[in-house]
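A.B. asks: Before I ask anything, let me first share the structure, which is written out below as structure tokens.
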Amino acid sequence: MSTSHKFFFSCHRLGHVLLVVALAGVLTACHPRETWQLTNVQGQLPDLQFKLTADSGATVTQAKYAGDVTLLYFGYTHCPDVCPETMAKLALVVQHLGSKAKHVRVLFVSVDPARDTPKVLHGYVDAFDPSHDIGLSGSAAAIKTLAHGYHVGYQAQKPRPDGSYDVTHSSAIYIF
């Protein structure tokens, strides 16, 4: 039985399951004009597994967040719209959970490791929710491997004359 499968059926984790249900409810009610679709992909995608650099500069793995409800989102700090909007909505969701959010972590995985250093990520995630958000980066290969496992697509666009560029990317949020 996979780790995520055990998570949903373990009796001592019932509180976490209820938190996920509450989180899902808040996510779907987040914006009246926009419907967030929740899809159970358990058994179709791999368990959470990574070794990346946190915005604190420390190397972390998924084990650091064991026992927490973990939301995984791929984006980048220079994103002009989808990423800041999603992170702001997630901060509101966590805020609505109140004391139930004690064991909730939002992992923002950068798909732009060239610009998103730990220091840059730290400032970015702290602007949304410093208590629950963690920025993660790493080598291009490590991010590609993690993103590929969840069918997350991303691609840097052609640089503009000033050297800036956008990164086209998927916008799904994964809940573990």
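The values are calculated or read from the model by the stated rules, or taken from the named source; none is laboratory data. From a predicted model like this one, the values you see are computed outputs, not experimental measurements. Each accessible area value is taken on the protein alone, full model and side chains, heavy atoms only, with ligands, DNA and RNA left out. Shrake-Rupley method; radii C 1.70, N 1.55, O 1.52, S 1.80 Å.
A.B. asks: Direction-averaged shadow area of the convex hull around the Cα atoms of region 33-131, nm²? It would help to have the intermediate numbers written out before the result.
C.D. replies: Details: hull surface 29.1 nm².
Averaged projected hull area, Cα only: 7.3 nm².
A.B. asks: Using the structure shown, select from Lys119/Lys158; Lys100/Lys144; Lys51/Lys100 the pairs with a Cα to Cα distance greater than 31 angstrom. Don't skip to the end; give the middle numbers.
C.D. replies: Details: Lys119/Lys158 25 Å; Lys100/Lys144 33 Å; Lys51/Lys100 27 Å.
With Cα atoms farther than 31 Å apart: Lys100/Lys144.
A.B. asks: Related question: Working from the pairwise distances between different alpha carbons, so that the mean of 1/r is found and then inverted, what is region 100-143's Kirkwood radius in Å?
C.D. replies: When all Cα pairs of region 100-143 are included, the Kirkwood radius is 10.9 Å.
A.B. asks: Just the number, please: carbon plus sulfur as a percent of the accessible area of region 98-176, 1.4 Å probe, no ligands or DNA/RNA counted. Could the numbers behind the result be given before it?
C.D. replies: Numbers: 2400 of 4140 Å².
Exposed carbon and sulfur together represent 58 percent of the surface.
A.B. asks: Related question: Grab the Cα-Cα distance for Arg115 and His96, subtract it from 0.36 nm times how many residues apart they are, and report the gain in nm with one decimal. It would help to have the intermediate numbers written out before the result.
C.D. replies: Numbers: separation 19, 0.36 × 19 = 6.84 nm, distance 3.19 nm.
Full-extension gain reported as 3.6 nm.
A.B. asks: When only the heavy atoms of the protein chains count and the probe is 1.4 Å, how do Arg160, Arg115 rank by accessible area, highest first? Kindly include the intermediate steps, with their values, before the conclusion.
C.D. replies: Working: Arg160 105, Arg115 50 Å².
Sorted by accessible area, descending: Arg160, Arg115.
A.B. asks: I'd like to check one number: the per residue accessible area of region 69-176, probe 1.4 Å, reported in Å² as a whole number. Write out the running numbers ahead of the final one.
C.D. replies: Details: 5110 Å² over 108 residues.
Heavy-atom SASA per residue in region 69-176 reads 47 Å².
A.B. asks: Need one value: the accessible area of Ser131 in square angstrom, 1.4 angstrom probe, rounded to the nearest 10.
C.D. replies: Approximately 80 Å² of Ser131 is accessible to the 1.4 Å probe.
A.B. asks: Express in Å², to the nearest 10, the accessible area of Phe128 obtained by rolling a 1.4 Å probe over the protein heavy atoms while all chains stay in place.
C.D. replies: 50 Å²
A.B. asks: Is region 75-176 rounded, prolate or oblate when judged by the Cα gyration tensor, a ≥ b ≥ c being the square roots of its eigenvalues, rounded requiring a/c under 1.5 and prolate requiring a/b larger than b/c?
C.D. replies: On the way: a/c = 1.96, a/b = 1.61, b/c = 1.22.
Judged from the Cα gyration tensor, region 75-176 comes out prolate (a/c at least 1.5, a/b above b/c).
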